[in-house]
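The values are calculated or read from the model by the stated rules, or taken from the named source; none is laboratory data. It should be emphasised that the depicted structure is a prediction, and the values quoted were computed from it without experimental measurement. All Cβ positions, even for glycine, are placed from backbone atoms using ideal geometry, and neighbour counts span all protein chains on display.
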Amino acid sequence: MPDYMKMSVPGKPEFVGTVRMTAASVASHTGFDIEAIEDIKVAVSEACNNTVVHACKSNVTEYSVEFESAETGLTITVSDEGTGYDVQTYEAPVIGELNEGGLGIFIIRALMDEVDITSKPGTGTNIRMTKYLAKAIA
């Protein structure tokens, strides 16, 4: 049976580090090596930063982060009740034409094995990301 934990996080940049360190601890207990833990920390930071920048700039004062640790790996979901956006309008950045911002989703997808983003204008956003243990893939 998987282990499950949920955090309610204030929508302020200074709390992203708290989520990042929690993710590292949970990933370590799940059995990931240091390289995978670093990937997970970066992906979680990007998801939380996106939430703070986009959802928490309006009336959203907090968001949630859920961790589900299993024998096969770790799934982390970052959820907010912000304004949301049309996921279909997301365009991956063009390398060589990088602007400040816009890389968060690209980085998350590059570092995690599965990423599912659900969002609709007016309903908030959920970023669900999974990293599998190497032994579970083999």
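So the values come out like this:
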item: Positions within segment 21-36 being of a type outside the set (Gly, Ala, Ser), assigned to a helix (DSSP H, G or I) and surrounded by 19 or more Cβ atoms within 10 Å (Cβ to Cβ), in sequence order; result: Val26, Thr30
item: Members of segment 35-81 that are closer than 10 Å to Gly11 by Cβ, among the polar types (S, T, N, Q) and under 13 Å from the mean Cα position of the chain (by Cα); result: Thr51
item: Options Met5, Met1, Met21; residue that is over 20 Å from Ile107 (Cβ atoms) and at pLDDT 95 or above; result: Met5
item: Candidate set: segment 111-133, residues that are modelled with pLDDT of 85 or more and more than 17 Å from Val78 (Cβ to Cβ); chosen: the one surrounded by the most Cβ atoms within 10 Å (Cβ to Cβ); result: Leu133
item: Condition met for Val44 (at pLDDT 95 or above, crowded, with 23+ Cβ neighbours inside 10 Å and within 14 Å of Gly124 (Cβ to Cβ)); result: no
item: Pick from segment 72-103, criterion among the small types (Gly, Ala, Ser) and in a loop (DSSP other than H, G, I, E, B), ranking: modelled with the highest pLDDT; result: Gly82
item: In segment 1-23, the residues that are acidic (Asp, Glu) and out of contact with any strand residue (DSSP E or B) (no Cβ under 7 Å at 6 or more places or on another chain); result: Glu14
item: Residues within segment 50-71 that are under 12 Å from Ile127 (Cα atoms) and part of a helix (DSSP H, G or I), tallied; result: 2
item: Close pairs from segment 51-70: first under 14 Å from Thr130 (Cβ atoms), partner among the basic types (Lys, Arg) and in a helix (DSSP H, G or I), Cβ under 9 Å, at least 6 apart; result: none
